[in-house]
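A.B. asks: Right, I'll just put the structure down here and ask away after.
The values are calculated or read from the model by the stated rules, or taken from the named source; none is laboratory data. Here the structure is a predicted model, which is why all the values come from computation and not from measurement. Note that each Cβ is placed from the backbone with ideal geometry, even for glycine, and that neighbours are counted across all protein chains shown. Please note that ligands, DNA and RNA were not included when accessible areas were found on the heavy atoms of the full protein model with its side chains. Shrake-Rupley method; radii C 1.70, N 1.55, O 1.52, S 1.80 Å.
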Amino acid sequence: MRRRRRFPWLSYLLVGVGAVVTVVPFLDMLLTSFKGAGEYGRLPYRFLPEAFELSNYREAFVRLDLPLLFRNSVVATAVITGSVLLTSSLAGYALAKLRFPGRDLIFRLVLATMMFPPFVFFIPHFLILVHWPLAGGNGPLGDGGAGLTVSLAALVMPFLVSGFGIFLMRQFIVSVPDEMLEAARIDGAGEFTVWWRIVVPQTKPVAVTLALLTFVSAWNEYIWALLVSTANPRLMTLPVGIQTLQSYLDPNRMVPVMMAGLMMSVLPVLLLFLLLQKYYIRGVMLSGLK
Amino acid sequence: MATTVGSADEDGDGGRAGTDALGRGDEDGGRAGVRAAGSRAGAAAHRRRRRQTVVAYLFLTPSLLFFAIFLFLPLLFAVLLSLSRWAGFDLADIRPVGTENFAALFARGSSFLTPVLSNTLLYALGTVVLALTGAVLVAHCITNLRFQGLWRTLYFLPIVTTVVAVGNVWKYMYEPGGLVNGVLNALGLRSVAFLQDPATALPSIVVVQAWASLGSAILVLTAGLKAIPRSYYEAAELDGAGQFTVFTRITLPLLRPSLLFVCVTQFITGLQSFALITVMTGEGGPGDATSVAALEMYQRAFKYGDWGSASAAALVLFVLILVITLVQLWLFRRKGEDA
């Protein structure tokens, strides 16, 4: 595939045209963050701002308690991403390569976890956290206090395991050659060693993908964080903070200032993506296999 | 589902009977021969299977525990609500009403089956077909290009772009004075009122939703492409296989696990999402041309305080998604050994 004699102009054309369409909304987000009062949404639509206003960024900076918002977002996102990676890889390995009674049932259960409209879960999750036993002043039966809703745990608990993640890891671990696993087992490796020494290195590109997707969705998560921070404002995350700008500002400036806030929150994600790029450059090497 | 070909698997114990009943009818008969292959190997295999079972459940424990608390309990609650009337505030106010909520969903004159559910299905199907085709093409083409990192970064942008920006940009592009109609006029065609005409509103949003899901699909498929051993391509090149043959005979079949993943998850997303629709058409207009199930449920629950019928609709949607997912698993499995 790689050594092609002719210039792949068709590929360039397709990917290039697609990329233009991909970039425009993002560029619009960026350019809007520089627009002045009343400039957004005027018809005919103009992408370029009349004058590049930095005041939107200043406004967002002053209005938001950025250290608090960043701390909450970073801690929550890091814990969620780490937990999802670990649990997905372990469960994915069990579902893809180990044989045990109940495997198909559990796999279908994992798929089923993705099938419920998320709004069904908000209120029950909140009730569960409020009544978490022996936390936040609660007794052993979960009564008497605010439970986990007052701690940072509230932001992460409902997202620690992901059916999506388990499904993704399983789909890729299935393709790891059984011969490699068998060879390690014959050498006396236990299943945990097999997972850590063979499965984890072999599935790095997909683990990076899962890390990115989990990171983005945790970083941008809005509705649950809004619910939790209504109960305890100290738990506000970046997306919630940016949305609160809506109620402070005059409508003429609202969208540009919000876009400025969004740009500030998008930058860390883009940076992470660029850092993780290198894992895509080379695929998995099957060097262990003769 | 994952009868891995060539695995050194001795099915020694009867413990599988329970799972076999759960529809693994494709378990090949060859295994019966192995089963009878003598009790000497059988005892060792038995020990090994026991150990694998223990390890597997150990690896699954954190996930299963989590699902028990954060999935099973909420579901019981949802089922309870679907059989009750509740305005969403005080738990003491839950009043049982039997199957009334379900009956109302399917009653004559209810908008739930058409247009809401039919719109939802069209929306999801259109999104999956467009996004999957586009993602396969782009992910594959990118591997042919130079500066792969740059291209991948550009295609990553939709993932981090907020749905508000995406929806609004496309909304303006669809306007009478917008970019799309500008192109149509330049080609000598008449302007189309994309979002105002009930006939074109839904397809117009499908295009945007497909575009927005392209990024994550490409990420997953790229990881899938990277997992295909390069030696297969080298062998095909030596045999003088053309580009098209290589794509259909090597790339697509070996990409099947990630294709299944993208297909299933995109379908689920398509059947559940409504954020883009609210940005682009408000509450599912014109009329109810772009009204979809998730939007309908959300409004019933949070706007009208009717948690009973919202939960009932959610359970109906769940059954629909479950059936569609099982059909996909079945389709992908029939084409070969596993996916």
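A.B. asks: Taking amide H positions as placed 1.01 Å from N in the peptide plane, with prolines and chain starts having none, which residues 5 or more places from residue B:84, or on another chain, fall under 5 Å of its amide H?
C.D. replies: For residue B:84, the qualifying residues are B:97.
A.B. asks: Per residue of B:142-151, how many C-beta atoms from partner chains lie within 10 Å of its own C-beta, taken as a mean?
C.D. replies: Numbers: counts 6, 5, 9, 5, 2, 0, 4, 6, 2, 7.
Across the residues of B:142-151, the mean count of other-chain Cβ atoms within 10 Å is 5.
A.B. asks: While we're here: At 222 nm, what helix-only mean residue ellipticity would chain A give, in deg cm²/dmol to the nearest 500, using -39500 (n - 2.57) for each DSSP H run of four or more? Don't skip to the end; give the middle numbers.
C.D. replies: Numbers: 14 runs with 182 residues, N = 290.
Taken over chain A, the calculation gives -20000 deg cm²/dmol.
A.B. asks: I'd like to know which of A:73, A:165, B:98 lies farthest towards the positive end of the charge dipole of the protein assembly as shown, counting +1 on Cβ of Lys and Arg and -1 on Cβ of Asp and Glu.
C.D. replies: A:165
A.B. asks: Sticking with this one: Just by accessible area at a 1.4 angstrom probe, what is the order of B:306, A:178 from largest to smallest? Write down the numbers at each step before the final one.
C.D. replies: Numbers: B:306 55, A:178 25 Å².
Sorted descending by solvent-accessible area, the residues read B:306, A:178.
A.B. asks: Go ahead and set up a Gaussian network model of chain A, Cα springs under 10 Å, then flag whichever of A:254, A:263, A:115 fluctuates most.
C.D. replies: A:115
A.B. asks: I've got another one for you. Cα gyration tensor of the protein assembly as shown, axes a ≥ b ≥ c as square roots of the eigenvalues: rounded (a/c below 1.5), prolate (a/b > b/c) or oblate? Display every interim value, and only then the final one.
C.D. replies: Values: a/c = 1.60, a/b = 1.22, b/c = 1.31.
Taking the square roots of the gyration eigenvalues as a ≥ b ≥ c, the protein assembly as shown is oblate.
A.B. asks: With a 1.4 Å probe, what is the total accessible area buried between chains A and B, in Å² rounded to the nearest 100? Before the final figure, lay out the partial values.
C.D. replies: Numbers: alone 17860 and 20340 Å², together 28360 Å².
Approximately 9800 Å² gets buried when A meets B.
A.B. asks: For residue A:7, what accessible area in Å² do you get when you roll a 1.4 Å probe over the heavy atoms of the protein chains, rounding to the nearest 10?
C.D. replies: Surface accessible to solvent at residue A:7 totals approximately 140 Å².
A.B. asks: Could you go through region B:104-117 in sequence order and give the Karplus-derived ³J(HN,Hα) for each residue, using 6.51 cos²θ - 1.76 cosθ + 1.60 with θ = phi - 60°, rounded to whole Hz, and x for Gly and Pro?
C.D. replies: So the J values, rounded to whole Hz, are 5, 4, 9, 5, 4, x, 6, 8, 5, 5, 10, x, 5, 5.
A.B. asks: Classify region B:147-211 from the C-alpha gyration tensor, please: rounded if a/c falls under 1.5, else prolate or oblate depending on whether a/b exceeds b/c. Show your work: numbers first, answer last.
C.D. replies: On the way: a/c = 2.62, a/b = 1.73, b/c = 1.52.
Prolate.
A.B. asks: For chain B, what's the relative contact order in percent, using C-alpha pairs closer than 8 Å and at least 6 residues apart? Walk me through the numbers before you get to the answer.
C.D. replies: Details: 335 pairs, mean separation 88.3, N = 339.
Relative contact order of chain B: 26 percent.
A.B. asks: Which percent of the accessible area of region A:64-248 is formed by carbon and sulfur heavy atoms (probe 1.4 angstrom)? Present the calculation step by step, with values, prior to reporting the outcome.
C.D. replies: Values: 4590 of 6610 Å².
Using a 1.4 Å probe with all protein chains present, region A:64-248 comes out at 70 percent carbon and sulfur.
A.B. asks: On to the next question. Sort the following peptides by mean Cβ neighbour count (other Cβ atoms within 10 Å, averaged over residues), highest first: B:199-210, B:54-65. It would help to have the intermediate numbers written out before the result.
C.D. replies: Numbers: B:199-210: 20.4, B:54-65: 18.1.
Answer by packing, highest mean first, reads B:199-210, B:54-65.
A.B. asks: Which shape class, rounded, prolate or oblate, goes with chain A when its Cα gyration tensor gives a ≥ b ≥ c as root eigenvalues, a/c under 1.5 marks rounded, and past that a/b bigger than b/c marks prolate? Provide the component values of the computation, followed by the final result.
C.D. replies: Numbers: a/c = 2.63, a/b = 1.22, b/c = 2.15.
Taking the square roots of the gyration eigenvalues as a ≥ b ≥ c, chain A is oblate.
A.B. asks: A further question follows. Can you sort A:229, A:217 by solvent-accessible area, 1.4 Å probe, largest first?
C.D. replies: A:217, A:229
A.B. asks: Then there is this: Could you work out the helix-only [θ] at 222 nm for chain B, with each DSSP H run of four or more residues adding -39,500 (n - 2.57) and the total divided by the number of residues, to the nearest 500 deg cm²/dmol? Intermediate values should be presented prior to the final figure.
C.D. replies: Working: 16 runs with 214 residues, N = 339.
Counting only the DSSP helices, I get -20000 deg cm²/dmol.
A.B. asks: Okay, next question. What list of ³J(HN,Hα) values in whole Hz, one per residue of region B:194-199 in order, does the Karplus curve 6.51 cos²θ - 1.76 cosθ + 1.60 (θ = phi - 60°) give from phi, with Gly and Pro shown as x?
C.D. replies: 3, 8, 9, 8, x, 6
A.B. asks: Something else: Heavy-atom accessible area of residue B:90 with all protein chains present, probe 1.4 Å, nearest 10 Å²?
C.D. replies: 80
A.B. asks: Ignore the peptide's own chain and count Cβ atoms of other chains within 10 Å of each Cβ in A:163-169; give me the average, rounded. Let's see the in-between values first.
C.D. replies: Details: counts 6, 5, 1, 3, 4, 7, 1.
Per residue, the number of nearby Cβ atoms from other chains is 4 on average.
A.B. asks: Taking the solvent-accessible surface of protein heavy atoms with a 1.4 Å probe, what is the per residue accessible area of chain B in Å²? Provide the component values of the computation, followed by the final result.
C.D. replies: Numbers: 15470 Å² over 339 residues.
Ligands and nucleic acids excluded, the result is 46 Å² per residue.
A.B. asks: On to the next question. Counting only other chains, and only Cβ atoms inside 10 Å, what mean value do you get across the residues of A:86-96? List each step's numbers first, then the result.
C.D. replies: Details: counts 1, 7, 1, 1, 8, 7, 3, 4, 10, 6, 5.
If you average over the peptide's residues, the count of other-chain Cβ atoms is 5.
A.B. asks: While we're here: Can you give me the % of accessible surface on chain B that is carbon or sulfur? Probe 1.4 Å, all protein chains present, nothing else counted.
C.D. replies: Details: 10110 of 15470 Å².
Using a 1.4 Å probe with all protein chains present, chain B comes out at 65 percent carbon and sulfur.
A.B. asks: Apply the Karplus parameterisation 6.51 cos²θ - 1.76 cosθ + 1.60, with θ equal to phi minus 60°, to every residue of region A:226-233 and state each ³J(HN,Hα) to the nearest whole Hz, in sequence, with x for glycine and proline.
C.D. replies: The phi angles translate into 4, 4, 5, 7, 5, 6, 9, x Hz.
A.B. asks: Still on this structure, I have one more. About the Cα centre of region B:100-334, what is the dipole size in debye to 20, counting +1 per Lys and Arg Cβ and -1 per Asp and Glu Cβ, all else neutral? Walk me through the intermediate numbers first.
C.D. replies: Working: 13 positive and 10 negative charges, 101 e Å.
Charge dipole, region B:100-334, about its Cα centre: 480 debye, nearest 20.
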